[in-house]
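What follows is a short report on a single structure.
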Amino acid sequence: MPPVDIRQRAISLIEQLPQSKLAAVVQLLEVLTEPTSQSVANGDETHLLEIIQRRLPEAEQARLNELRDAQRAALDGQRCEWGELTEAEHQELIRYEDLLEQHRVERLEALIELRH
C-alpha cells in the first residue's frame, strides 16, 4: 500500500473510533513517533516493540476486511456480491475480532511496560 493510502486509511480508522479508545491510540502513536536516542537496549524492549507493532498477516487482514464489508452490507440492507454472512463466516469474523481485541490488550500492556 502506498504511504498516502496508508495515511488516509489510518486517518479514516481514527475518525471511526469512539472517544473512549482515542487515548489508547494517541499513546500508541506517541510511542511510535518518539525519536530513539539509542538502538534498542535489550531483548525485552525488542519483544515489547514486536508486540506493539504486531499486525495480522496480509491474507488474514484481507479476509477480515471481506467479512467486515459483507457484515456492513448486510446490516445496511444491501446485498454484497456473495450475500449475507453464513453462520460459519459469522463465527470466523468473531474469531478474528476476538484475536484483534487480544492483540489490543497485549499492545497496551506492552506500551505500559515499555514506558516504565
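Below is a table of values for the structure above.
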item: Number of positions in segment 57-116 that are in contact (Cβ under 8 Å) with a residue 24 or more places away in the chain, basic (Lys, Arg) and over 30 Å from Gly43 (Cβ atoms); result: 2
item: Close pairs from segment 8-24: first surrounded by fewer than 11 Cβ atoms within 10 Å (Cβ to Cβ), partner in a helix (DSSP H, G or I), Cβ under 9 Å, at least 6 apart; result: Leu13/Val25
item: Positions within segment 68-106 being closer than 28 Å to Leu29 by Cβ and modelled with pLDDT under 95, in sequence order; result: Arg68, Asp69, Gln71, Arg72
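The values are calculated or read from the model by the stated rules, or taken from the named source; none is laboratory data. As the structure is a prediction and not an experimental result, all values here were calculated from the model. No Cβ is skipped: glycine too gets one built from the backbone with ideal geometry, and neighbour counts run over all protein chains shown.
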